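Nothing in this text is a laboratory measurement; each read-out follows from the coordinates by a stated rule. Not measured: the values here are computed from a predicted model. Note that each Cβ is placed from the backbone with ideal geometry, even for glycine, and that neighbours are counted across all protein chains shown.
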Amino acid sequence: MAVGATIIATTLGTLAGYGLARFRFYGWGNKDITMWFLSQRFLPPMVTVIPFFLVIQTLNLLDTHLALILVNATFTMPFAVLLMRDAFKELPPELEESAWVDGASRWQSFRHISLPLAAPAIAATAVICFAFSWNEFLFALILTLKDAQPITVIIAGVEHTQGIQFWFVATRLLLAILPPALLALLVQRYIVRGLTFGAVKG
């Protein structure tokens with residue numbers, strides 16, 4: 001579930017971030033569109049639980065992995081858009097322009113020039129989206145019953161006839177922490193650089 005949400009949020013965030021960094025939108029300005037994306041996070045998640053529940057119920061997706069993937073992707077995509085927009089703004093547009101002179105299309109310059117250069121930012125964005133999705137609890141608790149429960153809900157529901165077995169809970173907590181920690185370790189050199197895109201103005 002977290003992997004699916006991360007792929008969706010990172011992919012759409014990368015495309016949207018590139019568009020906001022390289023194109024000018026009239027009517028709604030680029031800043032307005034960026035603010036619209038960020039506004040999705042202004043309200044606390046508790047406020048949106050009932051609307052999401054009604055939508056998921058209408059789509060007959062309660063207690064499914066797809067429901068959690070869609071919800072987590074929706075909530076993590078604003079971060080992905082903001083990070084990737086700043087990342088692409090830091091890349092000199094002259095690199096793409098020189099490729100156009102050589103006959104490359106916009107898509108080719110994006111795929112072969114901008115995307116590889118933005119790889120650190122993409123890695124950092126993916127780790128953040130994965131961590132948020134992996135640790136999400138509220139929507140997982142409300143939208144799942146049994147079949148699609150993630151580990152956060154399973155840990156919270158652990159209780160035995162003799163009370164809470166703390167060693168059992170600790171073991172599951174360790175298993176819950178390992179995936180995002182290992183992912184962060186694997187791409188740590190990309191994370192630092194990716195998160196500093198746009199932080200320093202020369």
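Summarising the label geometry, the points placed 7 Å from Cα in the beta-carbon direction at THR171 and TRP100 lie 6.0 nm from one another.
Which whole DSSP H helices in the chain pass both tests: a Cα extent of 18 Å or more along the axis and a mean Kyte-Doolittle value no lower than -1.0? Within the chain the helices that satisfy the rule are 2-22, 45-58, 65-90, 119-135, 166-186.
I need LYS89, LYS146, LYS31 ordered by Cβ neighbour count within 10 Å, fewest first. Kindly include the intermediate steps, with their values, before the conclusion.
Details: LYS89 15, LYS146 7, LYS31 10.
Going from sparsest to densest Cβ surroundings: LYS146, LYS31, LYS89.
How high is the FRET efficiency from LEU178 to HIS112, r the C-beta distance, R0 41 Å, rounded to 0.05? The partial results should precede the final answer.
Values: r = 35 Å, r/R0 = 0.86.
The pair LEU178/HIS112 has a calculated efficiency of 0.70.
Taking only DSSP H segments of four or more residues, each worth -39500 (n - 2.57), what value at 222 nm results for the chain once the sum is divided by all its residues, to the nearest 500 deg cm²/dmol?
Values: 11 runs with 141 residues, N = 202.
Result for the chain, helices only: -22000 deg cm²/dmol.
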